[in-house]
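Here is the structure we will look at.
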Amino acid sequence: IEEDAIINVSEGLLIGCIMNIVDNSIYWVKNEINKKIILKSLKRNGCVYIIIGDNGPGFNIPFEDAIRPFVSGKIDGGMGMGLSLANDILQANNGSLILLDRREAEISEDYKGAILALCLREEIICKK
């Protein structure tokens, strides 16, 4: 983000959300020759977007299912809690977890896999 943004969320919970999604990206790029994961942020329309993308195969189940508890698309049977927990934490903090395309995320075509964004409302600070 080129300018300061203030969001109201627990640092530990936010880091946990990011790590869950990065962990999924690491899992899905493991069979790629050139493994790529991108982490970036954007600020638009009063929201801060923390974007995590990769060049893995993308979702093999609908995104709406992937954010439900105990649903996993992992071949070796993940628990299905990472994205669900991240989504719940974000919603409890007036945010959301969304699926983006490359154009929306403003990233190159090198990232053909899943592109997720943690969306958090920016706090408006009134100065006296």
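Quick notes on this one:
- Qualifying residue in segment 40-59 (condition: farther than 21 Å from Met19 by Cβ, open to solvent by 70 Å² or more (accessible area, probe 1.4 Å) and under 15 Å from the mean Cα position of the chain (by Cα)): no
- The set of residues in segment 1-39 that are surrounded by 12 or more Cβ atoms within 10 Å (Cβ to Cβ), modelled with pLDDT of 90 or more, among the aliphatic types (A, V, I, L, M) and more than 15 Å from the chain's Cα centre (by Cα) contains only Val29.
- Qualifying residue in segment 61-68 (condition: outside any helix (DSSP H, G or I) and either buried (at least 18 other Cβ atoms within 10 Å of the Cβ) or acidic (Asp, Glu) (or both)): yes
- Residue in segment 77-88 that is surrounded by 14 or more Cβ atoms within 10 Å (Cβ to Cβ), of a type in the set (Asp, Glu), outside any loop (DSSP other than H, G, I, E, B) and out of contact with any helix residue (DSSP H, G or I) (no Cβ under 8 Å at 6 or more places or on another chain) present: yes
- Tally of residues being in contact with a Phe, Trp or Tyr (Cβ under 9 Å, 6 or more places away or on another chain) and over 15 Å from Leu97 (Cα atoms) across segment 44-56: 3
- Some residue of segment 81-92 being hydrophobic (A, V, I, L, M, F, W, C) and on the phi > 0 side of the Ramachandran plot: no
- The set of residues in segment 5-58 being in contact with a strand residue (DSSP E or B) (Cβ under 7 Å, 6 or more places away or on another chain) and over 19 Å from Ala105 (Cβ atoms) consists of Ile6, Val9.
- Among residues of segment 3-28 that are part of a loop (DSSP other than H, G, I, E, B), those with a beta-carbon under 9 Å from a residue that is of a type in the set (S, T, N, Q) at least six positions away or on a different chain give the pairs Ala5/Ser41; Asn8/Asn93; Asn8/Asn94; Val9/Asn93; Val9/Asn94; Ser10/Asn93.
- Of the criteria (1) closer than 11 Å to Leu116 by Cβ; (2) in contact with a Lys or Arg (Cβ under 6 Å, 6 or more places away or on another chain), which one Ile67 fails: (2)
The values are calculated or read from the model by the stated rules, or taken from the named source; none is laboratory data. It should be emphasised that the depicted structure is a prediction, and the values quoted were computed from it without experimental measurement. Reconstructed Cβ throughout: ideal geometry from the backbone, glycine too, with neighbour counts over all protein chains shown. Accessible surface is based on the protein model in full, side chains and every heavy atom, while ligands, DNA and RNA are left aside. Shrake-Rupley method; radii C 1.70, N 1.55, O 1.52, S 1.80 Å.
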